Amino acid sequence: MKKNKFFSGALFAENLRRFWPVSAVGLFIYFLSGPFLILTKSVRDNYMYGSVLNGTAGGAMLNNLNFGFLFVHLVLPVVAAVCVFSYLNRVGSVAALHSMPLSRRTLFVTNYLSGLALCVLPIVINWALLSLCGAGLKAFTARALGMWLLVSFTIALFVFSVAVLACIVSGNTVIATLTGFAFNFLVAAVWVCMYGYAESFLYGFEASDIFPQITLTNPWMRAIYCGFTYEGTLRAWHCLVYIAVAIVIAAVADILYHVRKLERCGDSYVFGWMQTIIGFLFAFAFSTMTGLVLFRGIGVWAYVIGFAIGFVLGQMISLKTFHLFSRKTLRNLIIFAVLMALIIGCFALDVFGFEKKVPDPQNVQSVSVEGIWTGSGYRAVTFKTEPSIENVAAFHREILEQRPDEVYEIMPARHSHFTLRYDLKNGTKLTRQYSVESEFVARCESFTKLLQSEEMTGSITGLASIQGEKDFYATRDFPFSLTASDASDSRSFSGAEGQDLLNALINDARYGRMTTVWARQSLYSVEMTVRREFSDKAAAQEYFSSFYGFVNIDSYDGQAFIGRFSFQINGDCKETLEFFEKAGFGVTAAPGTDQLIGVIFGSEEAEGNHIFSLDYIPQSEEGMAVLSSSDMLRAAVEAGYSGKVSESCRWMSVCDTQGGRCVSNYTMFIDIEKLPADLKAAVEQYVK
Amino acid sequence: MIRTDDLVKSFGNVRALDGLSLHVEKGAVYGLTGVNGSGKTTLIKHLTGVMLPDSGSCTIDGMPVADNIIVKERMAYVPDELYFFGNYTLSGMRRFYKGLYPTWSDERYRQMAADFGLPENSRINRFSKGMQKQAQFLLSLSARPDVLILDEPIDGLDPIMRRKVWGWMLKDVADRQMTVLVSSHNLRELEGICDSVGIIDKGKLLFEGKLDDLKGKAAGLSLEELFFYEMGGEQA
């Protein structure tokens, strides 16, 4: 006959009596970071108050963007778990507590609940204090406070449950504490490693979304991510999912507690399989770190060295000995090495066919291509028609055909990024990201067709009819002060003049002249601002997005929404250049003063060494040609305006020399093959 | 009352208990002895439900000990390695024991505390080893258990205190038929208080019987002589 008892009031009360200082410290930090900051007028008046409250109810503090809150949310649950389960780590305490009228379930549930209470009590008290302070200052809404309580509880519960699991599988306090923290970030860390491998070995792997995805693995990280993004704080349903996961983790910990061999207290890990897992994780982590960092330099040895270090460390820690020469360690070494080889091999050999996967256009609903289209930065254009989808797929295949031998060295000097996001008809998505040479894109037939596609031309021409107050702000990309003396660097256009400029821009864009911007020296940047009243943001978004697919809503000025769209103008944009010429805002390639010099660098390394540090007037030397006469500089600037990107392109820094040093340093891209013969010969004495 | 059948427990390659079967009758004071590493403490940790056997069973009054609150509410354990909550006083531990044991007796606690003269409001971890042992006896016997299990209980106790401790314990045996299993190397002490003994070696019980029977069968051998005889020593 057995008596089922899940909870012991006596043990619960004693745990609270014994470990209340842990809660008290947590509460003290909460108080200093929250209510105290609000109540202290001297603090409230300085910048900290602004950063804490963010000026609005439910601001940064309630989004947990507060160092004190974040610290306690993470540290208190781990410390509380280690405290309440520390009896498992000593022979005397294990014997004493397990011989008392407490079943393992009673011990687990009671200790779990008392540890959780130690974490939650400071949160509840802090919430009450914040409510009182907030009510007085009208700083927070009840809803925002309620969400803070829910989110904070969720984080505490999750981090605590994971730490409890760590305490159950480990056998001494130091390892339990370290594991308590490590387990909370274990999934994220393994995820990052896998991303690292994929990025290093798989051509086209897109890792830009890694952070939002990885933060999902832990509510503490997710809260930080949400706080720093528009999301503000975790949603209620996020919390429910995390709470459910935490309960599952606690249940697993309870099961493990039932099978835990108490005689192994004091060992690093009390389950044999934990030693294997921890040992492998050490080898994997070190091998990954050294491999990803040093692979370019020393090849596969980078993985081997890291593996060896991680293996030895992992075995020492898990076995608690320096004597590693045993049959068991040799067995582990062989198993781990094979596993690591399998992991690296899977990525290096692309056994799952990741790279070669190009969707059949028949199966694609739509595809979004993010890249530089009009020079307005990286924007996505969505293609839905069959011919366009086929062109994207063809472009995708052409990119794959020019795959470099080694993925990790794919960043060409003159490159452009493209991200292809396919929405497939079966509901799945496929995303690839490539860095390709600008020259390749310029000669890519499928890409040219894409530029002339119905989606692109239709959207561009539609811009002519965009309604609202339109203003244009044009800037010479090559600063005026270095080119002429009687005009300004920027100018605004509006009304009829603005409409003429828009028509010129549209004509250049529709014939694809502007799209070669990433292969050309930019002459102007033009930003179009459209101001129009809408009933709400959704209506504004819908209207603006119908033009070219990516007019962004920039702001709301209290009456109207403002959309922005920008163009980059190169030497091919004939109509726009003619417009500027007629408007008296033309480009001149005539440097107007002898103070100007041009410095052409022979290599990227030379650029890196000099481009930002010309605090002296340089002289020609190996790898660096200095153009000090006005004629030479003018010819170089003209070559920069007209030349396209090629292997013979170099950066030229144009400096205004005053007081024995370069000021107003500005760089442009020039093709030395396009330079006049005498100038080219002069330059090539120093720059090959 | 206390019974183990074919109890087996291994730690890695070491077989600490090797099919051990033991029987202790109700109201008996059973002395368990054996050389170092013979498996006494391992056996006791199975009897108190701290360890789980690889095979075999361990029961008290026919009920399994492991994870059984009903059995453990009637059992108290004085371990060799004592444990008290950090910074706790005797009265703090009293509160905890009182909350756990339904048979706890405040009267017994007061009587024993007065007899032992232990300071109730000083931290136990500042007590001497002997005083800590007294405190553990005080707490265990105040729980009024039906079964008392003692592992090297008299280590650190002076002769006067030993007599007091045995006195309180034997009073409960006489008054309430409390069953006691006591593990010790001190054979003379065991001979003085036990009515049954078991000699254990390499995880097996070499001898189990009543001391009275022993005197009859073994022609007046003392327990010490019997021990050496069973262990194969020349002194037997």
(request) Using the 2.2 N^0.38 Å rule of thumb for compact globular proteins, work out how region A:212-270 stacks up: its C-alpha Rg over that value, please. (result) 1.60
(request) Could you pull out every residue, at least 5 positions away or on a different chain, whose amide H is within less than 5 Å of the one on A:Ser366? Hs are placed 1.01 Å off N in the peptide plane, and Pro or chain starts have none. (result) A:Asp423
(request) Tally up the carbon and sulfur contribution to the accessible surface of chain B as a whole percent, 1.4 Å probe, everything protein left in place. (result) 46 percent
(request) Assuming R0 = 35 Å, can you tell me the calculated FRET efficiency for the pair A:Glu673 and A:Glu445, based on Cβ-Cβ distance, to the nearest 0.05? (result) 0.90
(request) Could you order peptides A:7-18, A:260-271 by the average number of other Cβ atoms within 10 Å of their residues, highest first? (result) A:260-271, A:7-18
(message) When 1/r is averaged over all different Cα pairs and the result inverted, which Kirkwood radius in Å belongs to region A:279-348?
(response) 12.1 Å
(request) Can you tell me how much longer the chain between A:Glu578 and A:Phe7 gets when fully stretched, taken as 0.36 nm per residue apart minus their C-alpha distance, in nm with one decimal? (result) 197.1 nm
(request) Give me a single rounded figure for A:568-580: the average over its residues of other chain Cβ atoms within 10 Å of their Cβ. (result) 0
(message) Need one number: nm distance between label points at A:Glu386 and B:Trp104, each 7 Å from Cα along Cα→Cβ, rounded to one decimal.
(response) 8.4 nm
(message) If you count only protein heavy atoms with a 1.4 Å probe, what accessible area per residue comes out for the protein assembly as shown, rounded to a whole Å²?
(response) 44 Å²
(request) Once you have the Cα-Cα distance between A:Ile125 and A:Glu527, take 0.36 nm times their residue separation minus that, and quote the gain in nm to one decimal. (result) 139.5 nm
(message) Taking only the Cα atoms of region B:1-110, how large is their convex hull per residue, in Å³?
(response) 138 Å³
(request) Provide the buried accessible surface between chains B and A in square angstrom, both chains summed, 1.4 Å probe, rounded to the nearest 100. (result) 2900 Å²
(message) Treating chain B as a set of equal point scatterers at the Cα positions, no solvent, please give the Debye-formula log₁₀ I(q)/I(0) at q = 0.10, 0.11 Å⁻¹.
(response) -0.47, -0.56
(message) P(r) for the protein assembly as shown, please, calculated from all Cα pair distances in 20 Å bins and given in %.
(response) 11, 28, 29, 17, 12, 4, 0
(request) Mind giving me the FRET efficiency for B:Glu81 and B:Arg123? R0 is 22 Å, r the Cβ-Cβ distance, nearest 0.05 is fine. (result) 0.75
(request) Pull out the extension gain between A:Phe28 and A:Arg661, defined as 0.36 nm times the separation in residues minus the alpha carbon to alpha carbon distance; nm, one decimal. (result) 222.4 nm
(message) Give me the residues in region B:38-79 whose solvent-accessible area, probe 1.4 Å, is reduced by at least 50 Å² once all protein chains are included instead of the chain isolated.
(response) B:Val50, B:Asp67, B:Ile69, B:Ile70, B:Lys72
(message) Within 10 Å of each Cβ in A:103-110, how many Cβ atoms from other chains are there, averaged over the peptide?
(response) 2
(message) How far apart, in nanometres, would the label points at A:Ser492 and A:Gln541 be if each is projected 7 angstrom from Cα along the Cα-to-Cβ direction?
(response) 2.9 nm
(request) Could you list which residues have their amide H under 5 Å from that of B:Gly198, counting only those 5 or more apart in sequence or on another chain, with H placed in the peptide plane? (result) B:Gly31, B:Leu32, B:Thr33
(message) What distance in nm separates the two pseudo spin-label positions at B:Asp195 and A:Asp405, each 7 Å out from Cα along the beta-carbon direction?
(response) 9.2 nm
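The values are calculated or read from the model by the stated rules, or taken from the named source; none is laboratory data. All of these numbers come straight from a predicted model, not from anything done at the bench. Counting neighbours? That spans all protein chains shown, and the Cβs are built from the backbone with ideal geometry, glycine included. Protein only, heavy atoms only, side chains kept; ligands, DNA and RNA dropped before computing areas. Shrake-Rupley method; radii C 1.70, N 1.55, O 1.52, S 1.80 Å.
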